[in-house]
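Peer 1: Sending over a structure as structure tokens; questions will come in a sec.
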Amino acid sequence: MDYLYDGSFDGLLTCIYHHYYREAATGIYPQSFYQPNLLSPSMVVETDPALADRVYRAIEEKISARALETVYHVYISSAPDKENLILGYIGLGFKMGAKVDHYHSHPAVYPVHRLERKVIGEAHRLLGLLRFADMGGFLYAVMAPDHNVLPLLGDHFAERLAGERWIIHDKKRSLAIIYNGRDSSSCKSPVRSRWYITDFSYNLEDNMPESERRWQRLWQTYFQKVSIESRYNPRLQSRCVPHRYRRYLVEFQIPAPGHDSETEDSRKRFPRTPSIPPHSG
């Protein structure tokens, strides 16, 4: 029996509950992307938070809290078979307990750990690559990551930019983190309760104030000026800042023609960016 769910984490855990207490699943798939198979019947599973909570607690108590984090990290990945990787990992975990994570080469563990490393690695990289623009009343950052890492970024920026109002927009998934700007020094609620993720399809870049555009042009000019041709290392640069992230990095955008003749001349002489951009949040 193929179980189909609504794409939510609770929905996935509900399917896992039915796998153990109703009928073993041949596979778990998001309902919106499922391709019917004549050889395997399917059933849409309605998300039940109570059943999901039972599975949540079972993973935490019978395997480990670390395994629960691993399951969530794999869930927010973009891997097409992530649900079935999680199902196999949990099945082995219920048999082995916390020792499951010691079997690094096991076929039910290795792909899960590898995928988790990719998700965590991308989240860590974006902590340094995100660029915020001052939109007047709030800060705004845009990204299009491979995985849905927004939930892993909220706490960091809620602490680092505690007194600011900001939005981090994932254009690839039309989602955004919204933070209301309350100062953490006067707020006793947990950091995670001060931000939330919501659907977001607005294109705020078109409404960027001219003052912010001027600052961005100055930043681009700075990068052009500090470039050292003899130290240009495109391989190192690509490893530190992959090309897929550069679309939303100000320093990798070509300044608008005519805004600064000196900048234009320097770009013609040396149209390169530094080997490693500065780390900023």
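Peer 1: Relative to the Cα centre, what is the charge dipole magnitude of the stretch 2-121, using +1 at the beta carbon of each Lys and Arg, -1 at the beta carbon of each Asp and Glu, and rounding to the nearest 20 debye?
Peer 2: Details: 11 positive and 14 negative charges, 102 e Å.
Value, rounded to 20: 500 debye.
Peer 1: A follow-up question, please. Normalised by the number of residues in the stretch 46-187, what is the relative contact order in percent for Cα pairs under 8 Å and 6+ residues apart? All intermediate terms of the calculation are to be shown ahead of the outcome.
Peer 2: Details: 167 pairs, mean separation 24.8, N = 142.
Relative contact order comes out at 17 percent.
Peer 1: Once you've got the GNM for the chain with C-alpha springs shorter than 10 Å, pick whichever of 32, 174, 201 has the biggest mean-square fluctuation.
Peer 2: Of the options given, 32 has the highest mean-square fluctuation.
Peer 1: Can you tell me the relative contact order of the chain? Whole percent, Cα pairs under 8 Å, sequence separation 6 or more. Working shown, then result.
Peer 2: Details: 394 pairs, mean separation 36.5, N = 281.
Value for the chain: 13 percent.
Peer 1: Would you kindly derive the ³J(HN,Hα) couplings of the stretch 204-211 from the backbone phi angles with the Karplus curve 6.51 cos²θ - 1.76 cosθ + 1.60 (θ = phi - 60°), listing them in order in whole Hz, with x for Gly and Pro?
Peer 2: Working through the residues one at a time gives 6, 4, 5, 9, 5, x, 5, 4 Hz.
Peer 1: Relative to the longest principal Cα axis of the chain, at what angle does helix 49-58 sit, 0 to 90 degrees, rounded to 10?
Peer 2: Helix 49-58 and the main axis of the chain meet at about 90 degrees.
Peer 1: Let me ask you something else. Pulled fully out, how much extra length does the chain show between residue 8 and residue 196, if you take 0.36 nm times their separation in residues and subtract their Cα-Cα distance?
Peer 2: 66.1 nm
Peer 1: Angle check, please: helix 9-21 long axis (alpha carbons) against the longest principal axis of the chain (alpha carbons), in degrees 0 to 90, nearest 10.
Peer 2: Result, in degrees: 20.
Peer 1: Skipping prolines and chain starts, which residues have an amide H placed within reach, meaning under 5 Å, of the one on residue 133, given they are 5 or more residues away or on another chain?
Peer 2: For residue 133, whose amide H was placed from the backbone, the distant partners under 5 Å are 140, 141.
Peer 1: Right, something else. Give me, ordered by chain and number, the residues 5 or more places off residue 176 or on other chains with an amide H under 5 Å from its own placed amide H.
Peer 2: Result for residue 176 returns 170, 198, 200.
Peer 1: Next up: Could you state the angle between the C-alpha long axis of helix 110-129 and the longest principal axis of the C-alpha atoms of the chain, as a value from 0 to 90 degrees rounded to the nearest 10?
Peer 2: Approximately 30 degrees, to the nearest ten.
Peer 1: A 23 angstrom limit on the alpha carbon distance is what I want to check against. Which of 62/118; 82/118; 62/82; 118/171; 172/225 exceed it? Don't jump to the answer; show the numbers that get you there.
Peer 2: Working: 62/118 26 Å; 82/118 13 Å; 62/82 21 Å; 118/171 20 Å; 172/225 33 Å.
From the list (62/118; 82/118; 62/82; 118/171; 172/225), the Cα-Cα distance tops 23 Å for 62/118; 172/225.
None of the figures in this text is laboratory data; all of them are computed from the coordinates on show. It should be emphasised that the depicted structure is a prediction, and the values quoted were computed from it without experimental measurement. Reconstructed Cβ throughout: ideal geometry from the backbone, glycine too, with neighbour counts over all protein chains shown.
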